[in-house]
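Here is the structure we will look at.
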Amino acid sequence: MGVYVKTRGRLGRFYISLISPFRHYIVYPAMMRAAQKGWPRYRESI
């Protein structure tokens, strides 16, 4: 799973640098927990 963002100029780079810690410490761990929680149900349905 991945997200690719192509920045366009200084404002884009500033925005990415501003939200980067939020994504790495809050969003990505929550996404991984949700994936781990749903994985057993997926495995059972195969």
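Are there any pairs, at least 6 apart or on different chains, whose C-beta atoms fall under 9 Å, with the first in the range 30-46 and of a type in the set (A, V, I, L, M, F, W, C) and the second exposed (fewer than 10 other Cβ atoms within 10 Å of the Cβ), and if so, which? Cβ pairs passing all conditions: MET31/MET1; MET32/MET1; ALA35/MET1.
Taken across the range 4-15, residues that are in contact with a Lys or Arg (Cβ under 9 Å, 6 or more places away or on another chain) and either at pLDDT below 90 or not in a loop (DSSP other than H, G, I, E, B) (or both) do occur, with at least one present.
Looking across the chain, the residues that are over 15 Å from the mean Cα position of the chain (by Cα), of a type outside the set (S, T, N, Q) and surrounded by 10 or more Cβ atoms within 10 Å (Cβ to Cβ) come down to GLY12, ARG13, PHE14, TYR15, GLY38, TRP39.
The values are calculated or read from the model by the stated rules, or taken from the named source; none is laboratory data. Just so it is clear, the structure is predicted and the values come from calculations on it, not from any experiment. Heads up, the Cβs are rebuilt from the backbone with ideal geometry, glycines too, and the neighbour counts pull from every protein chain shown.
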